[in-house]
1. Count neighbours as other Cβ atoms within 10 Å of each site's Cβ, and list the trypsin sites (Lys or Arg not before Pro) in segment 37-127 that are DSSP loop with at most 12 such neighbours.
2. Given a 1.4 angstrom probe, what's the average accessible area per residue across the chain, in square angstrom?
3. Principal axis extents for the chain, Cα atoms only, whole Å, descending order, please.
4. Carbon and sulfur together cover what percent of the accessible area of the chain at a 1.4 Å probe radius?
5. Between SER100 and VAL65, what length comes free when the chain is fully extended (0.36 nm per residue of separation minus the Cα-Cα distance, one decimal in nm)?
6. Among ASN13, SER59, CYS120, whose Cα projects farthest towards the positive end of the dipole of the chain, with charges put on the beta-carbon of Lys, Arg (+1) and Asp, Glu (-1)?
7. Suppose accessible area is computed on protein heavy atoms with a 1.4 Å probe; arrange SER32, SER92 from highest to lowest.
8. Below 16 Å, Cα to Cα, which lysines can LYS122 reach? Residues fewer than 8 away in the same chain don't count.
Amino acid sequence: NELYERVEKLENNATLWTGANVMGAGATITPSKKLSECKNGWILVWADYDETTGVANNSQVATSVVPKQIAPTSSFYCLIPSGINANGTVTSCGKSLGISDTSISGYAGNNATVDGQDVCLKAVYEF
């Protein structure tokens, strides 16, 4: 069916960067393909982060879409679900990013809260 075909196409997209970065002050990642060279843009994959081991876990995964038409911008904001607390309320954190045609940079406030320290950028894909 059409939905399955669309999901399969997304899974076949090029992986442009992988790692584990909370995107704090001084953090910059460089995807292997310029934003302007992508068909539509970048997909940012966020995940739960274990600060003690520096590992991005395969849980609490969320995505943000960066359309190539927005670059460059020094103020791209992502609101990311970061978990569900004991009373069932969804918690979230915000990440501010600088987007250029060749890189993504972080800001000091991105890891200033407990929720911000618990969410990292895990991958960048072309879409």
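The values are calculated or read from the model by the stated rules, or taken from the named source; none is laboratory data. Just so you know, these numbers come straight off a predicted model, no measurement behind them. All Cβ positions, glycine included, derive from the backbone under ideal geometry; neighbour counts span all protein chains shown. With ligands, DNA and RNA removed, areas are computed over all heavy atoms of the protein, side chains included. Shrake-Rupley method; radii C 1.70, N 1.55, O 1.52, S 1.80 Å.
1. Numbers: sites: LYS39, LYS68, LYS95, LYS122; in loops: LYS39.
In loop regions of segment 37-127 (DSSP not H, G, I, E or B), the sparsely surrounded trypsin sites (Lys or Arg not before Pro) are LYS39.
2. Per-residue accessible area for the chain comes out at 56 Å².
3. Principal-axis extents of the Cα atoms in the chain, largest first: 39, 39, 24 Å.
4. Working: 3600 of 7090 Å².
C and S atoms contribute 51 percent here.
5. The SER100-VAL65 span can extend by a further 11.2 nm.
6. My answer, from the dipole projection, is ASN13.
7. From most exposed to least exposed: SER32, SER92.
8. Here the lysines satisfying the reach criterion relative to LYS122 are LYS95.
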